[in-house]
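A.B. asks: Structure provided below as structure tokens; questions to follow.
Derivation of every value follows stated rules applied to the coordinates shown; laboratory data play no part. For clarity, every value in this text was computed on a predicted model and none was experimentally measured. Methodologically, a virtual Cβ is constructed for each residue, glycine included, from the backbone with ideal geometry; neighbour enumeration extends over all protein chains shown.
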Amino acid sequence: MRRAVIVDIVRSPFARGRENGTYAGLHPVNLYADVLAALVRRTGIDPALVEDVITGCVIQVAEQAGNIGRQAVLAAGFPESVPAVTLDRKCGSAQQAIDFAAQGVIAGAYDVVIAGGVERMGLVPMKVNRMGKDNEGDRFHARYPQGLIRQGISAELIAARHGLSREELDRFSLRSHQRAAADREGVKRDIEPIAWTDATGAARSLAADEGVRADSTLEKLMSLKPAFEDPAMLARFPEIRWGVTAGNSSPVTDGASAILIVEEKMAERLGLTPRAAVTHFALAGDDPIMMLTAIIPATKRLLSRAGISIDAVDAFEVNEAFASVVLGWQKAVGADPEKVNVFGGAIALGHPVGASGGRLMANLLRVLESRGGRYGLQTMCESGGMANATLVERL
């Protein structure tokens, strides 16, 4: 039986996604190309062996348009024979790239494949691809006449559903920063420092994630104002208590990630040492108004397919789109909080939507390796009420 194994993962430092932020002057193609080149260099793989590069990117317009995966493959110096495809499953795009790559290996479509993702949210902002047009259509509106809502309102609804207080949300966020700060040395294994020349000709570089705040305190977090307060939404959803803030939400972020996935026997022939096998996959849809809750059925479906209990999983990576999302998931599935996002999550590290799945997988493997764990589970909520869930087994 064929098995898909992860050989290694490389990502860029995650930068704050501001219009004139740290990565200003760095084209997203070049950012992703640097990560792809680093993955080849670190693993020693001949890039001519790569049969596809599957890339997550959500906002595929402007500098990120036209199959950015292919542009980055060529910019990285790969042979012209290496193809690429770019996909959009919202926040789960890079995780979907991993799943498609591993599924292709298991099915015999690939022996050597790269999965990854990139997003320069400070350069190509969210929703710019919609250009002010109706991208849903009249039949969608007939089914949801009041319309969908912002993700922040969905996060508020999740907090209300699970009885989560503002203090619980902020304590979780503080924990994310503290855990990420404690992992400053460990995370260097995953990160490829990025260097470039900006529009003024000045040399620039970044070697560490920008969003981690080691000096954060509960008092600072609780002093922040609600980010999504809206009288119209309160009239529609009177259960909301306005506890979601910028401090307990993931920030807008720039970044890229890449993962080398190889058929197990091929890895042996090439002298590559696998870190984990990608063994099971699940997808789920849920209420698009609640939007961020599909990680619950996706997790349950994945565990059922794998034939294991929640207690058999040694480490979880659950994307911290909002603190309420992870806390609500924990309550619903019964996961041990001490196994969840051990090295911090997106609230501290950032969430470049097309690339985050690679960062979560990198953290997941390091947690398993540091603790001697066997099974790791990763899940991501996604816009529109969807979710991915992936199970890996450490080798």
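A.B. asks: What ³J(HN,Hα) values, in whole Hz, does the Karplus curve 6.51 cos²θ - 1.76 cosθ + 1.60 give for the stretch 289-296 when θ = phi - 60°, with x put for Gly and Pro?
C.D. replies: 3J(HN,Hα) across the stretch 289-296, in whole Hz: 7, 5, 6, 10, 9, 5, 4, 6.
A.B. asks: May I pose another question? Could you put T55, T273, T200, T43 in order, starting from the residue whose Cβ has the fewest other Cβ atoms within 10 Å? If you can, show how the numbers build up before the last one.
C.D. replies: On the way: T55 31, T273 11, T200 8, T43 18.
Fewest to most other Cβ atoms nearby, the residues stand as T200, T273, T43, T55.
A.B. asks: Please name which of M266, G285, S309 has its Cα lying farthest along the dipole of the stretch 266-313 towards the positive end, using unit charges on Cβ (Lys, Arg +1; Asp, Glu -1) and the Cα centre as origin.
C.D. replies: Looking along the dipole axis, the top candidate is M266.
A.B. asks: Between N135 and A235, what FRET efficiency follows from the Cβ-Cβ distance if R0 is 25 Å, with the result rounded to 0.05? Let's see the in-between values first.
C.D. replies: Values: r = 26 Å, r/R0 = 1.04.
The pair N135/A235 has a calculated efficiency of 0.45.
A.B. asks: Output the 0 to 90 degree angle, nearest 10, between the alpha-carbon long axis of helix 28-43 and the longest principal axis computed from the alpha carbons of the chain.
C.D. replies: 50 degrees
A.B. asks: Less than 12 Å Cβ to Cβ from P297, Lys/Arg counted +1 and Asp/Glu -1: what total charge do the surrounding residues give? Walk me through the numbers on the way to the answer.
C.D. replies: Numbers: positive: K300, R301; negative: D286, D287.
For residues surrounding P297, the net value is 0.
A.B. asks: Follow-up. For a quick protection proxy, order the peptides 376-384, 245-253, 164-172 by their average other-Cβ count within 10 Å, most packed first. Please report the intermediate quantities before stating the final value.
C.D. replies: Working: 376-384: 26.2, 245-253: 23.4, 164-172: 19.2.
The most tightly packed comes first, giving 376-384, 245-253, 164-172.
A.B. asks: Most exposed first by the Cβ proxy, i.e. fewest other Cβ within 10 Å, how do E338, E369, E19 rank?
C.D. replies: Values: E338 7, E369 16, E19 10.
Going from least to most buried by this count: E338, E19, E369.
A.B. asks: When only DSSP loop residues count, what trypsin sites (Lys or Arg not before Pro) in the stretch 356-395 have their Cβ near at most 16 other Cβ atoms within 10 Å?
C.D. replies: R374
A.B. asks: Before rounding to the nearest 500, sum -39500 (n - 2.57) across all DSSP H runs of length at least 4 in the chain and divide by the residue total; then give [θ] at 222 nm in deg cm²/dmol.
C.D. replies: Working: 13 runs with 133 residues, N = 395.
After summing the helix terms and dividing by the residues of the chain, the value is -10000 deg cm²/dmol.
A.B. asks: Let me ask something else. Between beta-carbons, use under 11 Å as the cut-off and find the net charge around R70, counting Lys and Arg +1, Asp and Glu -1.
C.D. replies: On the way: positive: none; negative: D52, E80.
It works out to a net charge of -2.
A.B. asks: For the charge dipole of the stretch 114-232, defined by +1 on Lys and Arg C-beta atoms and -1 on Asp and Glu C-beta atoms about the Cα centroid, which residue among G186, G152, L174 has the Cα displaced farthest towards the positive pole?
C.D. replies: So the residue furthest toward the plus end is G152.
A.B. asks: Here's something else I'd like to know. Just to confirm the number: angle between the C-alpha axis of helix 151-161 and the first principal axis of the chain, 0 to 90 degrees, nearest 10?
C.D. replies: 60 degrees
A.B. asks: Follow-up question, since we're still on this one. For a bin width of 10 Å, list the pair-distance distribution of the chain built from all Cα-Cα distances, rounded to whole %.
C.D. replies: Final binned percentages: 5, 24, 35, 25, 9, 1, 0.
A.B. asks: Then there is this: Normalised by the residues of the stretch 269-395, what does the relative contact order come to in percent, with Cα pairs under 8 Å and at least six apart? Don't skip to the answer; put the middle values down first.
C.D. replies: Working: 237 pairs, mean separation 55.3, N = 127.
With pairs under 8 Å counted, the relative contact order is 44 percent.
A.B. asks: What is the angle, in °, between the Cα long axis of helix 323-333 and the longest principal axis of the Cα atoms in the chain? Nearest 10 is fine, range 0 to 90.
C.D. replies: That helix lies at roughly 80 degrees to the long axis.
A.B. asks: Still on this structure, I have one more. Net charge near G357, counting Lys/Arg +1 and Asp/Glu -1 over other residues with Cβ under 14 Å of its Cβ?
C.D. replies: Details: positive: R11, R89, K90, R359; negative: D88, D99, E119, D190, E317, E320, E382.
So the environment of G357 carries a net charge of -3.
A.B. asks: Among R11, R175, R204, R269, rank each residue by its count of other Cβ atoms within 10 Å, from fewest to most, as a rough exposure measure.
C.D. replies: Details: R11 30, R175 19, R204 15, R269 11.
Taking fewest neighbouring Cβ atoms as first place, the list is R269, R204, R175, R11.
A.B. asks: What aspartates and glutamates sit close enough to K188 to cross-link, taking a C-alpha to C-alpha distance under 13 Å and skipping anything fewer than 8 places away on the same chain?
C.D. replies: Partners within reach: D209.
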